[in-house]
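Below: the structure, in structure tokens.
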Amino acid sequence: MGKITVETCEIEGLKVITPTVFGDERGYFMETYNYNDYKAAGIDQVFVQDNQSSSKKGVLRGLHFQINFPQDKLVRVVSGEVFDVAVDLREGSPTFGKWYGVLLSAENKKQFFIPKNFAHGFVVLSDHAEFAYKCTDFYHPNDEGGLLWKDEAIGVQWPMPEGMTEADLTISEKDQKWAGLEEYKKQSK
């Protein structure tokens, strides 16, 4: 291995990956993904779709998941900085409803592996951010699910971008209307 360092998180299945970066006076080089290295680290998934989004400071996206076609995701930031969050929705998991967050940036080059059956979201902390991620299933527009980003039952501690308050965040109409964890539990029975 050696090309990546993998940190396990307090929620089983979540992993923070730091690639080895080779730099000199010209700039740097790194592998953003190598199947063999990830497989050796216990991430043996076949990714079928890559996505990328661009967002301005204070944009909050999430907390999203697919209901019947769940996806493993490998996320990273190409430019800027975000606080990235995963919420455990695995039935029977001892950490069900718990969240974990990690700072991802172009500078730290960290990646976050999020297994199936987690809700996912992020808030942009820099003036602008480009966010890229790999998925193990295709996007199904009629299969979207979500949780309210500020649900007190989950209690995500979202950091606010410098100079902003919660009222300044840009959140889609859809993301403002998701139900909380208690409603999710009732619907998934």
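The values are calculated or read from the model by the stated rules, or taken from the named source; none is laboratory data. All of these numbers come straight from a predicted model, not from anything done at the bench. A quick note on method: Cβ atoms are made from the backbone with ideal geometry, for glycine too, and the neighbour counts reach across all protein chains shown. Heavy atoms of the whole protein, side chains included, go into the accessibility calculation; ligands, DNA and RNA do not. Shrake-Rupley method; radii C 1.70, N 1.55, O 1.52, S 1.80 Å.
For region 173-188, the candidate set comprises residues that are assigned to a helix (DSSP H, G or I) and among the polar types (S, T, N, Q); within that set, the residue that is nearest to TRP149 (Cα to Cα) is GLN176. Between VAL102, VAL123, the distinction of being in contact with a Pro (Cβ under 8 Å, 6 or more places away or on another chain) and touching a residue at least 60 places away in the same chain (Cβ under 8 Å) belongs to VAL123 only. The residues on offer are PHE65, PHE96, and the sole one that is touching a residue at least 60 places away in the same chain (Cβ under 8 Å) and of a type in the set (Phe, Trp, Tyr) is PHE65. LEU60 satisfies every condition listed in (1) in a strand (DSSP E or B); (2) within 19 Å of CYS9 (Cα to Cα) except (2). Summed over region 134-167, residues that are among the charged types (D, E, K, R), closer than 26 Å to ASN51 by Cβ and open to solvent by 40 Å² or more (accessible area, probe 1.4 Å) total 3. The number of residues in region 60-95 being buried (at least 19 other Cβ atoms within 10 Å of the Cβ) and of a type in the set (Val, Ile, Thr) comes to 5.
When ASP50 is tested against (1) open to solvent by 70 Å² or more (accessible area, probe 1.4 Å); (2) assigned to a loop (DSSP other than H, G, I, E, B); (3) at pLDDT 95 or above, just one condition goes unmet, and that condition is (2). Residues of region 122-147 being part of a loop (DSSP other than H, G, I, E, B) and either at pLDDT 95 or above or in contact with an Asp or Glu (Cβ under 6 Å, 6 or more places away or on another chain) (or both), which ones? Those that are part of a loop (DSSP other than H, G, I, E, B) and either at pLDDT 95 or above or in contact with an Asp or Glu (Cβ under 6 Å, 6 or more places away or on another chain) (or both): LEU125, SER126, ASP127, THR136, ASP137, PHE138, LEU147. Could you tell me which of the residues LYS177, LYS116, LYS98 is closer than 18 Å to ASP72 by Cβ, open to solvent by 40 Å² or more (accessible area, probe 1.4 Å) and at pLDDT 95 or above? Criteria check complete, one pass: LYS116.
Could you list, in sequence order, all residues of region 18-47 that are of a type outside the set (S, T, N, Q), open to solvent by less than 60 Å² (accessible area, probe 1.4 Å) and touching a residue at least 24 places away in the same chain (Cβ under 8 Å)? Listed by number, the residues that qualify are PRO19, MET30, ASP37, TYR38, ALA41, GLY42, ILE43, PHE47.
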